[in-house]
Amino acid sequence: MRCCVVGLGYIGLPTAALFASRGHDVVGVDSNARRLDFRHCGDRCEPGLDELVQEGVRSGRLSVASDVADADAFLVCVGTPRESGRPDAALTEVVAAADAVGRRLRAGNLVIVESTVPPGTTDDVIRPRLEAASGLSCGRDFFLAFCPERVLPGNLLHELVHNCRVVGGVDPESARRAAALFRTVVEADVATTDARTAEFVKLMENTWAAVNIALANEFAGLAERGGIDVHEAITLAGRHPRVSLMRPGPGVGGHCIPVDPGFLVDWAPDATPLIRQALETNAGMPRRVADGVRQALDRAGKPVAGARVVLAGVTYKGGVDDVRGSPALSVAAHLQEAGVAITFQDPLATHFPHPVTRELLAAAEGADALVIVADHPQYHALGLQLPALRDRMRPPPVLIDTRGMVPDAPGFLLWRLGRGFVTPRSRH
Ligand code: SAJ
């Protein structure tokens with residue numbers, strides 16, 4: 001099938017490459033010229049993506065264009081960056097994409113929307129725009145479905161193929177056609193429903209994560225008060241056959257989990273108190289980390305103003321290079337207000353707005369405190385590096401662990417989120 005993927009971002013590019021690898025003729029479209037140059041896709045640290053894209057180009061099945069091209073199926077994968085208080089602003093790119101696709105629509109075409117949108121958008125906003133721009137009638141002349149992505153950055157290509165998909169048609173024939181297309185690339189169940197339900201399902205998934213991370217963050221505060229290790233407690237609670245808790249952390253970053261629940265809050269402000277509270281709790285985590293750093297510096301007898309603190313891991317989570325919504329930026333802002341000098345360290349980060357030191361040992365030279373923010377796999381062996389870090393840091397060295405990665409740090413003053421100060425006496 002000839003497919004046109006509109007938006008070559010985190011979802012659009014892998015989707016385009018995957019469809020090409022399964023024998024479809026794919027043209028990728030983006031208004032950002034840099035994204036049309038596939039030499040830059042190696043910048044995105046997504047395992048296997050660069051290879052899949054290059055293979056698509058070599059096979060002649062993957063190409064790019066700056067404008068929407070004729071196709072049998074159009075997949076809209078543009079961003080919907082939500083801004084609080086401006087619910088409509090998020091749809092600017094989706095609406096522009098719908099207009100551009102509408103101008104190319106021919107009888108028999110299929111349009112699939114993958115961008116995350118508030119419930120009702122496909123039916124009430126996208127469908128009328130496609131009809132107006134094309135002069136065609138949805139359900140009779142062309143078909144329209146909302147099919148959310150649910151892939152995890154860092155494991156994206158595997159999940160694109162192996163995750164179950166939800167396909168929501170504006171009518172049953174649209175759902176049937178969209179599901180048939182996905183079945184050519186997905187090796188998992190493809191469930192069909194209506195578009196409104198599929199839009200709601202997508203938002204429920206990320207809202208479930210946001211609320212459960214907020215609960216874990218609240219448990220972390222309680223554990224600190226009680227001198228309990230929250231990570232040990234979470235692991236033990238997880239041995240209940242029906243309990244599966246999320247983990248606390250320095251803040252919820254990325255472009256999905258802190259953002260998508262806000263679509264539900266905007267949609268029904270009077271009916272979402274729990275979701276609002278969860279977003280607030282998560283947004284308060286960088287301040288809690290900064291407070292932990294200040295307390296630890298105090299306890300070490302080091303003045304906060306003028307202290308040098310290394311924030312290790314500036315991406316929004318471990319194992320990715322993406323810095324969007326990075327908790328490290330907010331932690332830094334709180335500490336800088338108190339006069340702290342920050343060094344950012346990260347082995348993977350790209351496009352961070354401040355200089356980043358790659359090597360942990362180099363960043364630690366002369367530092368008063370080291371804060372583990374993102375849980376990069378490179379920090380899993382931190383225990384082995386502790387003596388070398390201690391030698392480089394200004395005594396007494398302070399270590400702040402926001403991810404439960406360092407159970408014990410001899411020679412350091414250790415503060416853990418969800419535990420508090422760890423003294424040799426307090427360990428089992
Ligand atoms: N985090 C915690 N505690 C946890 C899990 C995550 O603090 O127990 C933090 C992470 O450190 C990170 C943020 O939450 O800052 C989000 O990370 P993530 O790995 O949970 O999720 P994303 O944003 O990379 O991808 C999510 C996924 N959604 C769910 O797991 C419900 C993914 O499947 C979606 O496709 C993606 O959002 C999306 O695009 O919507």
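Over the stretch 264-380, give the accessible area per residue in Å² for a 1.4 Å probe, as an integer. Don't skip to the answer; put the middle values down first.
Details: 4840 Å² over 117 residues.
Heavy-atom accessible area per residue stands at 41 Å².
Using DSSP H assignments, which helices in the chain have an axial alpha-carbon span of 20 Å or above and a mean Kyte-Doolittle hydropathy of -0.5 or higher? Please list the in-between numbers first.
Working: long enough: 195-226 (47 Å, 0.18); 285-299 (21 Å, -0.85).
In the chain, the long hydrophobic H runs are 195-226.
Can you give the extra length, in nm with one decimal, that the chain gains between ASP171 and GLN295 once fully stretched, where that is 0.36 nm per residue apart less the Cα-Cα distance?
Values: separation 124, 0.36 × 124 = 44.64 nm, distance 5.83 nm.
Extending this stretch completely gives an extra 38.8 nm.
I want the local charge near SER31. Using Cβ-Cβ distances under 13 Å, sum +1 for each Lys or Arg and -1 for each Asp or Glu among the other residues. Intermediate values should be presented prior to the final figure.
Details: positive: ARG34, ARG35; negative: ASP30, ASP67, GLU93, ASP99.
Combined, the nearby Lys, Arg, Asp and Glu give -2.
Rounded to the nearest 0.05, what FRET efficiency do ALA338 and ARG392 give with R0 = 25 Å and r taken as the Cβ-Cβ distance? Could you check? Write out the running numbers ahead of the final one.
Values: r = 23 Å, r/R0 = 0.94.
So the FRET efficiency works out to roughly 0.60.
P(r) for the chain, please, calculated from all Cα pair distances in 10 Å bins and given in %.
5, 20, 27, 22, 16, 8, 2, 0
For the chain, with a Gaussian network of springs between Cα atoms less than 10 Å apart, report the residue from GLY56, GLY238, GLY154 with the top mean-square fluctuation.
GLY238
The values are calculated or read from the model by the stated rules, or taken from the named source; none is laboratory data. The structure displayed is predicted, hence computed values, not measured ones. All Cβ positions, even for glycine, are placed from backbone atoms using ideal geometry, and neighbour counts span all protein chains on display. Accessible surface areas use protein heavy atoms only, side chains included; no ligands, DNA or RNA. Shrake-Rupley method; radii C 1.70, N 1.55, O 1.52, S 1.80 Å.
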